[in-house]
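A.B. asks: Sharing a structure, written as C-alpha cells. Questions coming.
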C-alpha cells in the first residue's frame with residue numbers, strides 16, 4: 001500500500017498505529033484517537049495537555065509555523081500553551097545560517113505566545129532536501145477543566161473562526177510566488193503572504209472557552225475545513241450538516257485555489273478554529289469572538305447519524321462532505 005503525502009489514512013491509524021501504544025499508564029486520561037490532536041495526562045490536581053506536529057510543506061517561515069501550529073493544538077483544549085520541545089531536521093550540507101534563521105523565527109513566535117522553548121534536538125539529516133521542524137507543546141490546567149475534539153454533540157452548532165485555507169494560502173503565495181504572478185497582482189499576492197499573521201488560534205480558543213456551552217474545539221490543519229469537520233465527527237461519533245455558502249473563503253484563497261485547481265475546503269487551514277457549542281450559546285460565542293476582532297460564522301451543525309455528513313452546496317444541492325485523501329496543498333505543490 002503506497003501512502004499519499006501528508007497524514008496517513010485514518011484506517012491505517014486505527015489498524016496499526018493505535019494498536020502499538022506501549023504500556024498502559026494510569027496518568028493517561030486522553031490518549032491517541034482519530035481526530036484528537038493531543039493527549040491529557042493527569043498529574044495530581046493538574047492536567048498536562050501535550051501535542052506534537054511537524055512542519056513539512058513550508059520553507060520560508062518554518063520555525064515560526066512550528067511554534068504557532070503546535071501551540072494551536074494545545075489551545076484547542078482550552079489550555080494556554082506554555083512549553084515547547086523542538087526537533088530540527090536539516091538538509092544535508094545545511095549551513096549555519098539556516099539554523100540561525102529557524103531558531104530566530106521560533107524564538108520570536110514563542111515570545112509572542114508566552115511559551116518557553118525547553119529542549120529538543122537539531123541535526124543535518126542524510127537524504128533530506130528541505131528542512132523539517134517537529135514541535136511538541138505542553139500546557140497546564142486545573143484537573144479536568146479542558147475540552148477535546150471528541151466532545152461534539154448532536155444539535156450542537158458548528159462555528160468557524162476566520163476563513164478556509166489560511167495556511168495553504170500563505171504557503172503557496174510564498175513558495176509559488178513566481179507562478180502566481182501570472183494571475184495575481186503584486187498587491188493581492190502580498191496580501192496572501194500576509195495570511196501567516198492569522199495562523200494562531202490561541203486567542204480564538206481561549207476566548208471561546210470563556211463562554212459557557214463549548215463542547216469541543218479543533219483546528220483544521222491537513223485536510224482543511226472538510227477534513228477537520230470529519231475529524232471532529234469521527235472523534236465525537238456524530239454526523240454533520242454543513243452549509244458551503246456560510247464558509248468564508250477570502251478572495252486571495254479563491255484566486256490561488258482556482259489557479260491550482262484545488263478545493264479551498266480541502267486546503268490546510270491552520271489559523272481557523274472549529275468550535276462545537278450548544279445552540280443557545282452559539283450566537284454569544286460568535287459575538288465575543290467578534291469583540292476580539294476575530295471573524296466567526298456558524299457554518300452548520302452536528303447531527304445524530306454518524307454515517308451522514310452532508311455539504312449543502314451554494315446551489316442548495318446536497319452532497320457528501322468530501323473527506324480528503326491528501327491535503328490539496330500537496331496537489332498544488334506538485335503542479
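We did not get these values from a lab; they are worked out from the coordinates using the rules stated. Keep in mind it's a predicted model, so treat the numbers as computed, not measured. Using ideal geometry, Cβ is built from the backbone for each residue, glycine included, and neighbour counts are taken over all protein chains shown.
A.B. asks: Just to be sure I understand: of the beta bridges DSSP finds with both ends in the chain, what percent are antiparallel, rounded to 5?
C.D. replies: If I count the DSSP bridges inside the chain, around 80 percent turn out antiparallel.
A.B. asks: Still on this structure, please answer the following. Need one number: nm distance between label points at residue 177 and residue 122, each 7 Å from Cα along Cα→Cβ, rounded to one decimal.
C.D. replies: 2.5 nm
A.B. asks: Of [x] 1.27; [y] 0.95; [z] 1.04, which is the value of Rg/Rh (Cα atoms, Kirkwood Rh) derived from the coordinates here?
C.D. replies: [y]
A.B. asks: Work the Kirkwood hydrodynamic radius out for the range 149-333: mean of 1/r over every pair of different alpha-carbon atoms, inverted, in Å.
C.D. replies: For the range 149-333, inverting the mean 1/r across all distinct Cα pairs yields 16.3 Å.
A.B. asks: Whole Å is fine, so just give me how far the alpha carbon centre of the range 258-335 lies from that of the range 4-57.
C.D. replies: 23 Å
A.B. asks: Pairs of Cα atoms under 8 Å, at least six residues apart: use those to get the relative contact order of the chain, whole percent.
C.D. replies: 22 percent
A.B. asks: Of 334, 309, 155, how do they rank once you tally other Cβ atoms within 10 Å and put the fewest first?
C.D. replies: The order, fewest Cβ neighbours first, is 334, 155, 309.
A.B. asks: Also, quick follow-up: Give or take rounding to whole Å, what are the principal axis extents of the alpha carbon atoms in the range 48-123, in descending order?
C.D. replies: Taking max minus min along each principal axis of the Cα atoms, the range 48-123 gives 41, 21, 21 Å.
A.B. asks: Hey, what did the range 37-142 get for relative contact order, percent, Cα under 8 Å, at least 6 apart?
C.D. replies: Taking the mean separation of contacting Cα pairs over the length of the range 37-142, I get 43 percent.
A.B. asks: Mind giving me the FRET efficiency for residue 295 and residue 98? R0 is 22 Å, r the Cβ-Cβ distance, nearest 0.05 is fine.
C.D. replies: Computed FRET efficiency for residue 295 and residue 98 comes out at 0.05.
A.B. asks: If packing is taken as the average number of other Cβ atoms within 10 Å across a peptide's residues, how do 237-244, 223-230, 75-82 rank, most packed first?
C.D. replies: 223-230, 75-82, 237-244
A.B. asks: Just from its helices, what would the mean residue ellipticity at 222 nm be for the chain, if runs of 4 or more DSSP H residues each count -39500 (n - 2.57) and the sum is divided by every residue, rounded to the nearest 500 deg cm²/dmol?
C.D. replies: -9500 deg cm²/dmol
A.B. asks: Right, another one. If you project the alpha carbons of the range 235-335 onto the principal axes, what extent comes out on each, in Å, largest first?
C.D. replies: For the range 235-335, the Cα extents along the three principal axes come out at 45, 36, 28 Å.
A.B. asks: Moving on to the next point. Starting from the Cα-Cα distance between residue 145 and residue 43, subtract it from 0.36 nm times their residue separation and give me the gain in nm to one decimal.
C.D. replies: The residue 145-residue 43 span can extend by a further 35.4 nm.
A.B. asks: Here's a follow-up. Quick check: the distance between the Cα centres of the range 106-175 and the range 196-223, to the nearest angstrom?
C.D. replies: Between the Cα centres of the range 106-175 and the range 196-223 lies a distance of 11 Å.
A.B. asks: Can you give the FRET efficiency for residue 26 and residue 187, using 1/(1 + (r/R0)^6), R0 = 41 Å, r = Cβ-Cβ distance, to the nearest 0.05?
C.D. replies: Calculated transfer efficiency: 0.10.
A.B. asks: As an exercise, use a Förster radius of 22 Å and the Cβ-Cβ distance of residue 8 and residue 307 to find the FRET efficiency, rounded to the nearest 0.05.
C.D. replies: Rounded to the nearest 0.05, the efficiency is 0.45.
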